[in-house]
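Structure record follows, encoded as structure tokens.
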């Protein structure tokens, strides 16, 4: 997936949490309802990747529910739009440097 697309998805997710701080949903719910995307495998994978970056940065939380369903909720860190964008860029930059060392 292109970096710009990941950033856009991440910003939309964080924007939703900023507007609805008590919100929480599953991967499928975020994909379908928050981002208005179809539930195709490529869409799910793209959103899952964006969510994982945000979880690693502490911007959102991943909470397992009974039966194995995962609920994503607001993290302990602030999700203001400027800070979210900066945090996302730091996460992607770190990921790129780790991937470059893997060979």
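The values are calculated or read from the model by the stated rules, or taken from the named source; none is laboratory data. The structure presented is a predicted model; accordingly, all values stated were derived computationally and were not measured. Don't worry about glycine lacking a Cβ; one is built from the backbone with ideal geometry, like all the others, and counts go over all protein chains shown.
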Item to complete: Hey, can you tell me all the residues within the range 9-47 that are part of a helix (DSSP H, G or I), touching a helix residue (DSSP H, G or I) at 6+ places or on another chain (Cβ under 7 Å) and within 12 Å of residue 73 (Cβ to Cβ)?
Response: 13, 16, 30
Fill in: Answer residue from the range 30-48, given it is more than 12 Å from the chain's Cα centre (by Cα) and surrounded by 15 or more Cβ atoms within 10 Å (Cβ to Cβ) and is nearest to residue 4 (Cα to Cα) among those
43
Worksheet item: Condition test on residue 12, is it at pLDDT 90 or above and buried (at least 18 other Cβ atoms within 10 Å of the Cβ)?
Response: no
Discussion item. So residue 21 passes all but one of these: (1) surrounded by 11 or more Cβ atoms within 10 Å (Cβ to Cβ); (2) modelled with pLDDT of 60 or more. Which condition number does it fail?
Written reply: (1)
Worksheet item: Do you know which of the residues in the range 49-77 that are surrounded by 14 or more Cβ atoms within 10 Å (Cβ to Cβ) and assigned to a loop (DSSP other than H, G, I, E, B) is modelled with the lowest pLDDT?
Response: 77
Item to complete: Could you please let me know if residue 87 is at pLDDT below 85 and crowded, with 16+ Cβ neighbours inside 10 Å?
Response: yes
Worksheet, complete the sentence: Log entry, pairs with first residue in the range 61-73 being closer than 21 Å to residue 16 by Cβ, second being in a loop (DSSP other than H, G, I, E, B), beta carbons closer than 8 Å, six or more apart or on different chains, reads 61/75; 61/76; 69/26; 70/26; 71/26; 71/65; 72/26; 73/23
